[in-house]
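Since the structure comes first, as structure tokens, the remarks are kept for the end.
The values are calculated or read from the model by the stated rules, or taken from the named source; none is laboratory data. All values derive from a computational prediction rather than experimental measurement. A quick note on method: Cβ atoms are made from the backbone with ideal geometry, for glycine too, and the neighbour counts reach across all protein chains shown. For accessibility, only protein heavy atoms count, side chains too; no ligands or nucleic acids. Shrake-Rupley method; radii C 1.70, N 1.55, O 1.52, S 1.80 Å.
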Amino acid sequence: MPEVITKDGSIKQDSWVVVPRPEDGESLNIPEQPALIPADLWLAGKEHFEGRDDIGVWFDSHDEPEILEGVVNELPLIAVNFPKFADGRGYSIARLLRERFGYQHELRAIGDVLLDQLQFMKRCGFDSYALREDKDASKAARALNFFSQGYQAATDTDVPLFRRRAS
Amino acid sequence: MYVYDEHDRQIAAERVAQFRDQTERALAGELSEDEFLPLRLQNGLYVQRLAPMLRICVPYGMLRSEQLRRLARVTRDYDKGYAHFTTRQNVQLNWPALEDVPDILAELAEVEMHANQTSGNCIRNTTTDQFSGVQVDEIVDPRPYCEIIRQWSTFHPEFAFLPRKFKVAVNASEKTDRAAIQVHDIGLQMVRNDQGELGFRVHVGGGLGRTPMVGPVIRDFLPELDLLTYLEAVLRVYNRYGRRDNKFKARIKILVKALTPKGFAEKVEAEWAHIKDSPTRLTREAIERIQGYFTEPAYDALENATELLASQRFDNRQFDQWLSHNVDSHKKPGYAIVTLTMKKTGTPPGDVSDTQLEQIAELADQYSFGEVRVTHQQNVVLADVRQDQLFELWQRIEPMGFATANLNTLTDVICCPGGDYCALANAKSIPVAESIQRRFDDKDFLYDLGDIDLNISGCMNACGHHHVGNIGVLGVDKKGEEFYQVSLGGSSHHDATIGKILGPSFAQEDMPDVIAKIIDVYVDNRKEEEPFLETYRRIGIEPFKERVYA
Ligand code: HEM
Ligand code: SF4
């Protein structure tokens, strides 16, 4: 994961890697660099990771973020996988992590992340985006800002347009 | 009618720029066909058998005359000079060129129109009763609530990639349901509770297509201020748990059925408990603000023109027929609701030319405060016509082909584009509609039969709502040949029912005879004024089978 897009559209380098879910019978192989492991496995072995700022978790789109209720802020980074860009479950997962479980640190979209999803992702609380490698990162800033406002409240604003109009 | 403020205008303009950018990237090869697909669909752009097809949104069916004129211009400049009114109150262009679409959208945006979310796996245009705000029997005008839903659902960041398309309909009349709410993903029936408070009865999981279902009630009373938070809870449950592994099992109806309506309702209530009091909860002020756009036009203080109309009817039998069938009563004395029928035999149901669009605009300006409504039966309504101008209006629309006095009768067919236009079709549908219209061209016989919904679809996607037709016709493919399956007893109203299949399918040339036999059974068995559907419900399907397959 050499490059990720940030919320303001700039590109940052970092070294987080996504550790895939081990096959049955295999054990989790954590590399020597900051690593994102499947959320349920982190939870199961949480005491081993206590205080480590180089271990984060990732959810797949069918996973339930509810399992981390109460402990989300022990994690420096949570990623949500979009196996296909047309799979929209990750948007709900992100909003729940932010709005329901109060997650404060970095939330990253991974997987099939394309330019035209970025603004939706931003509105749902993602603040970094591992844009698919074949896409032009220089266009991300524009894609993050196609719209200057939205009608709804979401993670980015708790004031829906109907309340802004009233004031 | 709703008018954009600076916020809506800005969002609409940004949308046009966004789609232009997306189209450019697609044409430059930066977006694969697969990647562009959902983006263009969310902008109403299908690629069809003959050309792309652009579905333009008409929020809950309301159009102003300037919008009609612009549609006329767009069909003339970018298409072949005609458009099509759809069963979801929208307008479709059949032949635009992909590279022109951004310009078309820019032209539409100038008159506050767009094609957002008219297709794709997102929340679609909210539909309602075409007589909203003018009918006598109405709990409240449902259009402000539709507009509130429109705004909430437009580019909703969480629900742009649902398992499947999602349609909401609202109805506010106690006696009738012209919006077919029970065959929508969410159907909202406006009600008052025992305390007189306004709210919604919520149906979820209705729909047609491959697995037709009538939507069960999952909440008897939802207070009006809770509308959006509750919708958000339903959509979130669907977005998270709706099936994504099989496109034919992805509609919310399948989830509701799998969890049972009760189980589904519990999941929604649990989700809703968390967000009920979030800032998305509506305020009284927000509702009133939107209601302010749907105030009454400047009606003249009139008396009913009963005597004048009586003498005009007496003098002219055709006017009399038109008045009985295509004109409905209005809540204001001296006014009437006129339906312009787009069902002249020989033209595909719902098709309108650029000139006709301009004529309709002219009629709207002259007779109905500059507004019209598109109906899901593919007709157009002038909602506020003075009774003393009805005769003059009728004389004008007769030569235009809008006065076919067959509203709600057998020949007022709902029909999808079918094999003539649609790549998914099993069979043609328009010629079947036409052959039936020709067979039943005797007006007196037609009127004697009363209201009968005849709905035709060219395949099981059910664009023509065949499942809920009193008589439904479905195109099927039998070893490469076009056949038609008939079903009976469907209804899209308060008594919503999915029709029952009569038996083996028929060849196209037999269809008028088949329908004629079905009608004969009805005529032989009906009691007095009994409508077709009631006779069918009383005597069952057997007598029809016996006659048709004799
Ligand atoms: C010519 C191009 C068209 C194509 C390719 C097309 C395709 C489809 C497909 C695939 C579905 C099924 C979706 C599903 O079950 O989830 C559908 C449903 C529908 N279409 Fe069309 N359609 C076309 C034109 C129209 C037109 C012109 C109308 C209006 C007259 C229309 C009205 C509808 C309606 C109301 C449904 C919803 C049925 C339901 O509730 O499931 N379609 N269409
Ligand atoms: S019902 Fe089938 S044939 Fe008719 S328009 Fe829809 S997809 Fe096409």
task: Could you tell me what percent of the accessible area of the stretch A:11-167 is made up of carbon and sulfur, with a 1.4 Å probe and every protein chain present?
output: 47
- prompt: Which sequence of B:262, B:253, B:428, B:165 reflects their accessible areas, 1.4 Å probe, from the largest down?
  reply: B:262, B:428, B:165, B:253
- line: For the stretch B:457-550, listing chymotrypsin sites (Phe, Trp or Tyr not before Pro) in a DSSP loop whose Cβ sees at most 15 other Cβ atoms within 10 Å gives B:549
Distance violations [Cα-Cα > 26 Å] among B:428/B:517; A:7/B:253; B:443/B:527; B:167/B:332; A:84/A:122: A:7/B:253; B:167/B:332
task: Taking all protein chains together and a probe of 1.4 Å, list B:463, B:57 from the most accessible to the least accessible.
output: B:463, B:57
message: Suppose the chain between residue B:225 and residue B:479 were pulled fully straight at 0.36 nm per residue; how much longer would it get relative to their current alpha carbon spacing?
response: 86.0 nm
query: Computed FRET efficiency, Cβ-Cβ of residue B:423 and residue B:365, R0 25 Å: what is it to the nearest 0.05?
result: 0.05
- request: Sort out for me the Cα centre separation of the stretch B:478-522 from the stretch A:54-89, rounded to whole Å.
  value: 51
query: Is any residue of the stretch B:119-141 close enough, with backbone N under 12 Å, to a label point placed 7 angstrom from the Cα of residue B:176 along the Cα-Cβ axis, and if so, which?
result: B:129-138
- prompt: So what are the ³J(HN,Hα) numbers for the stretch B:173-184, from phi and the Karplus equation (6.51, -1.76, 1.60; θ = phi - 60°), rounded to whole Hz, Gly and Pro as x?
  reply: 9, 7, 8, 10, 9, 8, 9, 6, 4, 6, 10, 10
message: For a Förster distance of 51 Å, can you work out the FRET efficiency between the beta-carbons of residue A:84 and residue B:195, rounded to the nearest 0.05?
response: 0.60
task: Please give the net charge around residue B:525, taking every other residue with its beta carbon less than 13 angstrom from that of residue B:525, where Lys and Arg add +1 and Asp and Glu add -1.
output: -1
query: Which residues does a label at residue A:43 reach in the stretch A:93-111, if reach means a backbone N under 14 Å from a point 7 Å past the Cα toward the Cβ?
result: A:97, A:101
message: Heavy atoms of the protein only, probe of 1.4 Å, neighbouring chains included. What is the accessible area of residue B:76 in Å², nearest 10?
response: 110
message: Using only alpha-carbon positions, what ratio does the radius of gyration of chain B give when scaled by 2.2 N^0.38 Å?
response: 0.94
message: Could you work out the pair-distance distribution P(r) of the stretch B:1-60 from its alpha-carbon pairs, with 5 angstrom bin width and percents rounded to whole numbers?
response: 4, 16, 20, 24, 16, 11, 7, 3, 0
task: Have a look at A:154, A:113, A:70 and report the one farthest towards the positive end of the charge dipole of the stretch A:3-166, computed about the Cα centre with Cβ charges (Lys/Arg +1, Asp/Glu -1).
output: A:154
task: Provide the per-residue ³J(HN,Hα) series for the stretch B:436-451, in order, calculated from phi with Karplus coefficients 6.51, -1.76, 1.60 and θ = phi - 60°, each as a whole number of Hz, with x at glycine and proline positions.
output: 6, 4, 5, 5, 9, 8, 7, 4, 4, 5, 4, 5, 4, 6, x, 6
- request: May I ask for the Rg/Rh ratio of the stretch B:134-292, computed from Cα atoms with Rh as the Kirkwood radius, given to two decimals?
  value: 0.95
statement: The correct pair for the protein assembly as shown, radius of gyration to one decimal and Dmax as a whole number, both in Å and from Cα atoms, is 27.1, 95
- prompt: How many angstrom separate the Cα center of the stretch B:77-140 from the Cα center of the stretch A:1-38?
  reply: 45
task: Give the long-range amide H neighbours of residue A:152: residues separated by 5 or more places, or on another chain, with amide H under 5 Å away, using H modelled in the peptide plane at 1.01 Å from N.
output: A:161
message: Please report Rg (one decimal) and Dmax (integer) in Å for the Cα set of the stretch B:1-108.
response: 14.0, 41
message: What distance in nm lies between label points placed 7 Å from Cα along the C-beta direction at residue A:54 and residue A:10?
response: 2.5
Whole-Å semi-axes of the ellipsoid equivalent to the stretch A:3-166 (Cα gyration tensor, √5λ, descending): 28, 19, 14
field: Across chain B: Cys residues that no other cysteine approaches within a C-beta distance under 4.7 Å
entry: B:57, B:122, B:146, B:415, B:422, B:459
field: Convex hull volume per residue for the stretch B:414-548, taking Cα atoms only, in Å³
entry: 98
message: Please report, in whole Å³, the volume per residue of the convex hull around the C-alpha atoms of the stretch B:306-397.
response: 97
statement: Cα convex hull volume per residue for the stretch A:1-91, in Å³, equals 129
statement: Between the alpha carbon centres of the stretch B:291-340 and the stretch B:195-210 the gap in Å comes to 31
field: Those residues of the stretch B:159-198 for which accessible area with every protein chain present is at least 10 Å² below the isolated value (1.4 Å probe)
entry: B:160, B:161
query: Which residues make up the longest stretch of chain B clear of GluC sites (Glu not before Pro) that lie in a DSSP loop with no more than 11 other Cβ atoms within 10 Å, not counting the sites?
result: B:1-302
statement: Rounded to the nearest 100 Å², the accessible area hidden between A and B, summed over both chains at a 1.4 Å probe radius, is 4000
task: May I ask you to evaluate 6.51 cos²θ - 1.76 cosθ + 1.60, the Karplus curve with θ = phi - 60°, for each residue of the stretch B:292-309 and list the ³J(HN,Hα) values in order in whole Hz, giving x for glycine and proline?
output: x, 7, 10, 6, 5, x, 6, 5, 7, 7, 10, 9, 5, 8, 4, 5, 4, 5
query: What do you get for Rg/Rh of the stretch B:178-219 when both radii come from the Cα atoms and Rh is the Kirkwood radius?
result: 1.09
task: Go ahead and estimate [θ] at 222 nm for the protein assembly as shown from helices alone: -39,500 (n - 2.57) per DSSP H run with n ≥ 4, summed, over the residue count, rounded to 500.
output: -10000 deg cm²/dmol
